[in-house]
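Laboratory data are not the source of any read-out in this text; all were calculated from the coordinates shown. Only a predicted model underlies this, so the values are computations on that prediction, with no experimental measurement involved. Here the Cβ positions follow ideal geometry from the backbone for every residue, glycine too, while neighbour counts run over all protein chains shown.
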Amino acid sequence: MDKILGVDKTPKKGGQAETKPFTNFSVFHDNLIMRLKALSQIQLDFDKWCKEAEARFTENVKTYAETKAGWRRKFSAKEGELEAIKATNTDMAAQLASQKRPGQNDGMEVRALSAHATNAERRLINAQNQLVAAEEKMTAMNQKNTSADSKWEARVKEYESRLKAAEERVKRERQGSKERVAELENNLKSLQRQFELAQKRNQQLNEVIDTNKVASSSPVR
């Protein structure tokens, strides 16, 4: 656990130094519990950081989707304008052709229609240029966001791998600590039983010694 938390970062109860189980099991047990709590806090902090990163990623994806939808609306509007200009240009061309037929010599009207046709053609070219520019922006945005999506996916996978590794490490540490604590508790119980047996034997020996003293001090008749 010190490899994970660091010796200098490992919490000690009451500012005490490292305590071994055979010197003071109670303090050792408390320190062990504090270390497990610190490991749990590390996992909680990591989970929180992953959730925040996921929230930022979701917000970026949402912003990208809204921006893309806005560009699609502009693109559709430009397409509508282009179709309207094409229709106007076709109508102007038809009117101009009819004015150029024999028997119709209204020059001013022909010139006016020619000017309208020229303006319509310019508007058509301008709309086409704007449409091309919008398509280029859409393409650039798609490429940029595709690259960003790939990076975010790679980061999310990396965070998931780190989280899984941390969870497995904490699980192993907890299991190992539980087994070690159980082993130490069993050892402590065994030592206590041995101590009690030793005290009992000592008491029996003292009783035998006292009995012998009384027997030896009694007068022989």
Would you work out which of Ser150, Leu124, Met138 lies farthest towards the positive end of the dipole of the range 118-160? Charges go on Cβ: Lys and Arg +1, Asp and Glu -1.
-> Leu124
When the Kirkwood hydrodynamic radius is evaluated over all pairs of different C-alpha atoms of the range 36-88, what value in angstrom, to one decimal, is obtained?
-> 14.7
